[in-house]
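Read through the structure below, which is laid out as C-alpha cells, and then see the notes.
The values are calculated or read from the model by the stated rules, or taken from the named source; none is laboratory data. As the structure is a prediction and not an experimental result, all values here were calculated from the model. Because the Cβ atoms are built from the backbone with ideal geometry, glycine has one as well, and the counts that use them run over all protein chains shown. These area figures cover heavy atoms from the full protein model, side chains too; ligands, DNA and RNA do not enter into them. Shrake-Rupley method; radii C 1.70, N 1.55, O 1.52, S 1.80 Å.
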Amino acid sequence: MSDVLAVTEHRRGELRDVSHELITAGRQLADATGGDLHLAVISGNVEEYAEKLDRRGVTEIHTVDYGEEFNHDVYVQAIEALYDAIGPQYVIAPNTVNGLDYAPAVAQRLDLPLVTDAVDMTVDDGLSVTREFYAGKTEGDVDVAGEGALVTIRPGEWPGAEGVGDAVVDAFDVEVDEGAVRSTVTGYQEVGAGDVDISEAEVLVSVGRGIEEEENIALIEELADAMGATVSSSRPIVDNGWLPQDRQVGQSGKKVTPDVYIAIGISGAVQHVAGMKGSDTIIAINNDPSAPIFDIADYGIVDDLFDVVPALTEEFE
Amino acid sequence: MKILVTVTEVAEADDEFEIDGLSIDERYLTYDLNEWDNYAVEEAVQIGEEHDDVEVVTATVGPERAEETIRQALAKGADRAVRVWDDQLADATMIDAATKARLLAAVAEEEDPDLVLAGVQSNDVAFGATGVALAAELGFEWAAVVNQLDLDADAGVASVHRELEGGVEELTDVELPAVLTIQTGINEPRYASLRGIRQAQSKPLDVHAPADLGVDLGESTLSLTSLEEPETESNVTLFEGSAEETASELAEFLKERGVGV
Ligand SMILES: Cc1cc2nc3c(=O)[nH]c(=O)nc-3n(C[C@H](O)[C@H](O)[C@H](O)COP(=O)(O)OP(=O)(O)OC[C@H]3O[C@@H](n4cnc5c(N)ncnc54)[C@H](O)[C@@H]3O)c2cc1C
Ligand SMILES: Nc1ncnc2c1ncn2[C@@H]1O[C@H](COP(=O)(O)O)[C@@H](O)[C@H]1O
C-alpha cells in the first residue's frame, strides 16, 4: 500500500489541463511513498485519452470504457472498483466542479479522509496538505491521521507533466450497477454571448463587490469610457444582475488576457483569478492590504475606490 | 414536502488581523451567514411559496454564538432550526466534511426530508464537500454546483443546471430524495423584513449534542497544524500617497503604456 491513484478529467471530448497536473502531483506523492502512479480514465474516448496521458512517470493507466460523458454515479462505482483492485495509499482528483461532484462521495464510501483544494502536499510521518483558509487570506497545513487519504488538487498549482512515458494500459472492466445510477445528464448549455466580448479587449476595467451599490457602477463605466477600456466584473456583480453574464471574469465566466487588467474592489478569490491571471499587467485598487489580489497584482493602490476612481477618471478626461 | 437546508456561520477576517495559534484572533473576525447558504435558504423558501405544505428546516453544526446567524435564516422564512454542538466539537482544530456529514445525516434521518439544500462551499474553510458527503452518508442522490432548479415533486425528479467551468452548464435530472449544493446567483435572496425578524425570535431552535443523535464522533482524522499569512510571491509595486497622487501616478503609468491616449 504505497501506490497513488489519480483520477483524470475530460469534458465533451477533450482532456482537461488539470489531468496532466494530476500526473505531476501524483508522481510527487508516489516518489515520497516509493510507490507506483496509476491513472484512472473513466468514460468517453478512453483509448485516445490514455494515449495522451502516457507521460513520464506514469506506471499504469486504467481505462473504464463506460458511457460518454461524466456521470458521478458511474465515477463513484468505477473509482471504488479500481481502489479495491489496486489498493492505493492515496487517491487524488481535481478540485473542479466535477471533481467535487464525486470525490466527497468516494471518500465517504471508502471511509477515506478527504482534504480538498490542496496547493501542496508532503509525506513525512504521514500526509500533510497545504490549503488556504479564510477566503485566501491565510494558509495552513492539515495533517491526515492514518494510512490513506483522498485529496483534490487545485488546478494550476502543479505544472503539467511532460515527456513520453511507457505506461501499461489496462482496460478495466467495471460491472456498473445501473440501478445505482440515479442521475441523467440530458445536455449542455452555453452561456449566451452579448454585444461585447471581454476576452477580446486590450484594457479591462473590472469591478467587484467593493462597489457596494448598483448605481455606483456608473463610476466604473465613466472611468472605462475616459480610458477607452471595456468594463468587466467579478461574480457577485453578475449574480446581483448589475451587469450581464458575459461580463463575468473567472472560472465560470470568461478567461481574459488583456494588456492591462484593473481590478477595482475585487478581493482576488481563486475562482476569479483563474480567469485573469494571464493578463499582461494587473493593477489592483482595494482598501484591504491583505486582499489576495495583491499577491498576483503587478501594481496596486491600497485605498478607497470611491476616492481613487473619480480622481483617475479625471486624469483621463 | 419537507426541505432541509444546511446552514453554516462563516468567519471573515478584517483588513488587518493577527493570527493567534491555529486561528485568527477573535478580535479580527466578523461572523455572518455563509453567502452560498443564503441562496440555498432563499431557494427553499421560494419552493415553499410555490407549493402547498412545505416545511423548511435549517440544520447547523455550530456553537451557541451561531444562533444569531441561524435566526437570519428563520427571519427570511425558514420554519424551524436545529443546531448540533458539544465540547468535543468545540475543541477540534478543524471539523472535517465527513464529521459534519455524519452529524447532518443524523438530523436528516430524524427529519426525513424530500430534498436537502446545501451551499456549494463555506466561505471560510471552503471545503466544497459537505453537501455531497452528506448525500453519500444518507444514500441520497445529489448534484453539485446547481444554478437552476426545477422541481417536479410528483414525478420525484429535480431537473437542475450544474454550472461547470468556462460558461458551460450541464443539464441533469436527479432522482429524489436528493442533496443539491446551491450556487450563488440561482435566485435573488431577500432581505428579512422587520416582521420576519420579529417572528424569527419565536420560531423553534432545537439544540442537540451528537450523542443525543446517536453519533459517536471518535478521533478526528484531520487536524490543522499551522496557520499563517501566505508569503507573497508577487512583488507588487504600490503607488503611495493621497488618492489624487496615486491616481495621477497610475494614470501616468498607463498613458506611458499607450492606454487612453
Ligand atoms: C464554483 C465556483 C465558481 C465561481 N466562479 C467565479 C467566477 O467565475 N468569477 C468570480 O469572480 N468569482 C467566482 N466565484 C466566486 C468567488 O469565490 C468569490 O466569491 C468572488 O470572486 C468574490 O467577488 P469579489 O472579489 O467582487 O467580492 P469580495 O470577495 O466580497 O471582495 C470585495 C473586495 O472589495 C474590497 N472593497 C470593499 N470596499 C472597498 C472600497 N470602498 N474601496 C476599495 N476596495 C473595497 C474589499 O476589501 C474586498 O477585497 C466562484 C465560486 C465558486 C464556488
Ligand atoms: N458546520 C456546518 N453546519 C451546517 N452546514 C454546514 C456546516 N459546514 C458546512 N455546511 C454546509 O455545507 C456547505 C459546504 O461547506 P464546506 O464543505 O465546508 O465548504 C455549506 O454551504 C453548508 O450548507
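Return yes when residue B:14 is open to solvent by 20 Å² or more (accessible area, probe 1.4 Å), more than 17 Å from residue B:128 (Cβ to Cβ) and without any contact (Cβ under 8 Å) to a residue 12 or more places away in the chain and no when it is not. Don't jump to the end; show me each part of the working.
Values: open to solvent by 20 Å² or more (accessible area, probe 1.4 Å): yes; more than 17 Å from residue B:128 (Cβ to Cβ): yes; without any contact (Cβ under 8 Å) to a residue 12 or more places away in the chain: no.
No.
In the condition set (1) on the phi > 0 side of the Ramachandran plot; (2) within 16 Å of ligand 2 (Cβ to nearest atom), residue A:270 is compliant with all but (1). Only residues that are more than 8 Å from chain A (Cβ to nearest Cβ) and either buried (at least 20 other Cβ atoms within 10 Å of the Cβ) or of a type in the set (Val, Ile, Thr) (or both) were counted across segment B:148-165, and they come to 5. Working carefully through the options B:82, B:56, B:41, B:7, find the one that is open to solvent by less than 20 Å² (accessible area, probe 1.4 Å), under 26 Å from residue B:180 (Cα atoms) and away from ligand 2 (no atom under 12 Å from the Cβ). Every option except B:56 fails the conditions. Residue-level check: of (1) more than 8 Å from chain A (Cβ to nearest Cβ); (2) touching a Pro at 6+ places or on another chain (Cβ under 9 Å); (3) at pLDDT 95 or above, residue B:216 misses just (3).
Count, please, the residues in segment A:90-111 that happen to be open to solvent by 20 Å² or more (accessible area, probe 1.4 Å) and away from ligand 1 (no atom under 16 Å from the Cβ).
As a first pass, look at segment A:90-111 and keep what is open to solvent by 20 Å² or more (accessible area, probe 1.4 Å): A:95, A:100, A:108-111.
Then keep just the ones that are away from ligand 1 (no atom under 16 Å from the Cβ); that gives A:108-111.
So the count comes out to 4.
Just one residue in the set A:303, A:298 is open to solvent by 10 Å² or more (accessible area, probe 1.4 Å) and away from ligand 1 (no atom under 12 Å from the Cβ); that residue is A:298.
Considering (1) closer than 27 Å to residue A:142 by Cα; (2) open to solvent by less than 30 Å² (accessible area, probe 1.4 Å); (3) more than 14 Å from chain A (Cβ to nearest Cβ); (4) of a type outside the set (Lys, Arg), the lone condition that residue B:69 does not fulfil carries the number (1). What about residue B:145, is it within 12 Å of ligand 1 (Cβ to nearest atom) and open to solvent by less than 20 Å² (accessible area, probe 1.4 Å)? Answer is yes for this residue. Every condition in (1) surrounded by 15 or more Cβ atoms within 10 Å (Cβ to Cβ); (2) of a type in the set (S, T, N, Q); (3) under 26 Å from residue A:134 (Cα atoms) is met by residue B:237 except one, and the failing one is (1).
Restricting attention to segment A:33-69, the residues that are among the aromatic types (Phe, Trp, Tyr) and open to solvent by 10 Å² or more (accessible area, probe 1.4 Å) total 1.
Filtering A:282, A:293 for residues that are more than 12 Å from ligand 1 (Cβ to nearest atom), crowded, with 22+ Cβ neighbours inside 10 Å and more than 8 Å from chain B (Cβ to nearest Cβ) leaves a single hit, A:282. None of A:77, A:28, A:108 is among the polar types (S, T, N, Q) and under 21 Å from residue A:154 (Cβ atoms) except A:28.
Restricting to segment B:20-40, give me the number of residues that are part of a helix (DSSP H, G or I) and among the small types (Gly, Ala, Ser).
Qualifying residue count for the region: 1.
Residues that are more than 6 Å from ligand 2 (Cβ to nearest atom), of a type outside the set (S, T, N, Q), in a loop (DSSP other than H, G, I, E, B) and open to solvent by 10 Å² or more (accessible area, probe 1.4 Å) within segment B:97-131 comprise B:112, B:114, B:120, B:124, listed in sequence order.
Taking the criterion of being open to solvent by less than 40 Å² (accessible area, probe 1.4 Å), outside any loop (DSSP other than H, G, I, E, B) and at the interface with chain A (Cβ under 7 Å from one of its Cβ atoms), the residues of segment B:172-208 that qualify are B:172, B:174.
Is it the case, given these coordinates, that residue A:246 is part of a helix (DSSP H, G or I), open to solvent by less than 70 Å² (accessible area, probe 1.4 Å) and charged (D, E, K, R)? Spelling it out, residue A:246 is indeed part of a helix (DSSP H, G or I), open to solvent by less than 70 Å² (accessible area, probe 1.4 Å) and charged (D, E, K, R).
For residue B:32, the stated conditions do not hold, so it cannot be described as over 23 Å from residue B:226 (Cα atoms), open to solvent by 10 Å² or more (accessible area, probe 1.4 Å), out of contact with any Pro (no Cβ under 7 Å at 6 or more places or on another chain) and at pLDDT below 95.
Per the conditions (1) part of a helix (DSSP H, G or I); (2) surrounded by fewer than 20 Cβ atoms within 10 Å (Cβ to Cβ), the sole criterion not satisfied by residue A:2 is (1).
Given segment A:111-226, what strands (runs of 3 or more DSSP E) lie entirely inside it while holding 1 or more residues that are at the interface with another protein chain (Cβ under 10 Å from one of its Cβ atoms) and within 16 Å of ligand 2 (Cβ to nearest atom)? Explain how you work it out, then say what you get.
On the way: elements: A:114-118, A:120-123, A:127-133, A:138-144, A:149-153, A:168-171, A:183-190, A:203-207.
Counting at least 1 such residues, we get A:114-118, A:127-133, A:138-144, A:149-153.
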